[in-house]
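Accompanying notes for the structure given below.
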């Protein structure tokens, strides 16, 4: 009879199932275990997993008594199953004394692989259970101000309508916050990513456009090549240069003008009012280009598209509500591009 392993106690909710008990049932499947340069094909009907649960429990608790309590079994049963496992492998996995149980070198190697196999089984079972459940619980995320207002918050509201059990806390800021320190589940980031330990998934892309209004064109003409920008009033943001892709490489072109704002909306308004030429991401200017209120120029030298990313701290199992939100954002944002 397989022994049942109690994992954790969680709040009662459709995502959490109170006390979880996971049983490893030996069925007619085959498990491929890679050892050194060879692949050993084991038939689970012949007891390939027999004793593995008991061995892992002994390794993690440090003794047969503690392992038997964890597994809800007798000390004699645990000892017998580990002994049978060692006999089948023809390798001593544990050093046993009257005071202490420890792993041999071979046991440490075997434990590491067994732990990965058991983790995989638990994750497979949880994934199947997740398919039956609806997300619930709280999500804390951060996103850039304008992109968050225009895209992320409306989509988050749609997601919460789909899953009423989800609660959300959002901080819109253009600063890159520490997700772990701030307790954030998720961050939306734009453009190139700095090296970090965070997990990144690309949700969509953004493209930069250089634009001007018909009124500006009437009074000043349009730049037809990058060198022409020095003769135009360029509306500046956080950097004194604009990025382009020309002659097969990325180029940073220094520009000058009468306006320097750290606000994309402020720069957009200045361009619409004919004050100068602006370079902004598509989500600022697409609607105005479509309506004819802004005219794109130098598009043949636009920089390569950049990623729009979902970042989250590394963890073995991402909460279903966060995973579902990331999937929803990726599907919804890709449709908008």
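Bear in mind these aren't lab numbers, they're just calculated from the coordinates by the rules spelled out. Small disclaimer: the values here were computed from a predicted structure and weren't measured. Cβ sites come from the backbone with ideal geometry, for glycine too, and all protein chains shown count toward neighbours.
Quick look at the values:
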{"quantity": "FRET efficiency, 1/(1 + (r/R0)^6) with R0 30 Å, evaluated for residue 129 and residue 199 via beta carbons", "calculated": "0.85"}
{"quantity": "Förster radius 56 Å - calculated FRET efficiency between residue 153 and residue 109, Cβ distance, rounded to 0.05", "calculated": "0.65"}
{"quantity": "Proxy reagent accessibility, fewest Cβ within 10 Å first, across 114, 234", "calculated": "114, 234"}
{"quantity": "Region 147-269 - percent relative contact order, Cα under 8 Å, separation 6 or more", "calculated": "15"}
{"quantity": "In range of the label at residue 174: residues from region 292-327 whose backbone nitrogen is under 19 Å from the point 7 Å along Cα→Cβ", "calculated": "306-309"}
{"quantity": "Percent of alpha-carbon pairs separated by more than 17 Å within region 150-234", "calculated": "68"}
{"quantity": "Convex hull volume of region 252-297 per residue (C-alpha atoms, cubic angstrom)", "calculated": "86"}
{"quantity": "Scattering profile of region 221-264 at q = 0.19, 0.27 Å⁻¹ [log10 I(q)/I(0), Debye over alpha-carbon scatterers]", "calculated": "-0.61, -1.03"}
{"quantity": "Relative contact order of region 208-301, defined on C-alpha pairs under 8 angstrom at six or more residues apart (%)", "calculated": "45"}
{"quantity": "Percentage, to the nearest whole number, of Cα pairs in region 208-301 over 16 Å apart", "calculated": "48"}
{"quantity": "Mean shadow area of region 128-182, taken as a quarter of the surface of its Cα convex hull (nm²)", "calculated": "4.6"}
{"quantity": "Likely footprinting exposure, 228, 90, 282, fewest C-beta neighbours within 10 Å first", "calculated": "90, 228, 282"}
{"quantity": "Percent of alpha-carbon pairs separated by more than 27 Å within region 179-337", "calculated": "35"}
{"quantity": "Segment residue 327-residue 74, extension gain: residue separation times 0.36 nm, minus the distance between their alpha carbons", "calculated": "86.6 nm"}
